[in-house]
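Working notes, beginning with the structure itself.
The values are calculated or read from the model by the stated rules, or taken from the named source; none is laboratory data. Note that the structure is predicted; figures quoted are calculated from it, not measured. A quick note on method: Cβ atoms are made from the backbone with ideal geometry, for glycine too, and the neighbour counts reach across all protein chains shown. The protein model used for the area step is the full one, side chains on, heavy atoms only, and it has no ligands, DNA or RNA in it. Shrake-Rupley method; radii C 1.70, N 1.55, O 1.52, S 1.80 Å.
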Amino acid sequence: MNRIAKTLGSGIVLALALPGAAMAQAAPQTAPADPARLAVAQKVVARLVPQGIYLRMMRDAFPQMMDGVIAQMSGLTAADLGEKDESGKTLEQIAAEKDPAFRERMTIMTRVMGEEMGKVMDKLEPRVRTALGKAFARRFTLQQLGDLDAFFATPSGAAFAKDYLLTFMDPEMMQEMSASAPEMVRAMPAIMKRVEKETAHLPPPPKPETDAAEPATETEQ
């Protein structure tokens, strides 16, 4: 059951790889952006990341996407994960034997995750805009930023910018994301074997700390 939870958890992590979700990673310090370029870049980013976009993505589309990912991954077998198994049962069949409410539980979990993560991303959204504005100001010239700003000011540009991030949650993208998750999970055993091989010269990692010993019972005292 732990393997199933970890496998499905991997699918959730993969699905969370949305544009802007990597902002928590540490980044090297860069020189301050040119004020003129930064001013235009901020206007461009404000159109590409409109207020409330991440809340809408996580609350409205994330549960559907995750349901698709879980459905695809639930069809995997232990053999797909590089383990010996003669039963041929899928992860969902194994999970359902231990927990008949497995599928409903997962559906509720993805809905709650979408709602709660939407609140978190909504708070982080201004920081995403700030960071992306600085990145645009560093990456693009003032002429390029002006061209982008002019394009996004047109009806076609405004329509594109407004829904650009939402297209990552469209049915076509969600279907492809769901289909690719099992392939990535199947690749993990080989990846981990390579990691093990290339870290063989290192000391073994520390073992997880065990929970503190439980207090003795009255009969043991």
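A few notes on this one:
- Across region 141-153, computed HN-Hα scalar couplings (Karplus, 6.51 cos²θ - 1.76 cosθ + 1.60, θ = phi - 60°) run 6, 4, 5, 5, 5, x, 5, 5, 4, 5, 5, 5, 7 Hz from first to last residue, x flagging Gly and Pro.
- Computed with every protein chain present, the accessible area of PHE151 is close to 90 Å² [probe 1.4 Å].
- The GluC sites (Glu not before Pro) found in region 54-102 that occupy coil by DSSP, while having at most 15 further C-beta atoms within 10 Å, are GLU83, GLU86.
- Averaged per residue, region 96-221 has 76 square angstrom of accessible surface, using a 1.4 angstrom probe with ligands and nucleic acids left out.
- Average projected area [Cα convex hull, region 33-103], square nanometres: 8.4 nm²
- Kirkwood analysis of region 69-215, using all unique Cα-Cα pairs, places the hydrodynamic radius at 20.8 Å.
- The local environment of ARG103, defined by Cβ-Cβ distances under 11 Å, has a net charge of -3 under the rule Lys, Arg +1 and Asp, Glu -1.
- Fraction of alpha-carbon pairs over 18 Å apart in region 105-180 - percent: 64 percent
- Pairs of Lys residues in region 58-186 that lie 8 or more places apart, or on two chains, and have C-alpha atoms under 22 angstrom apart add up to 6.
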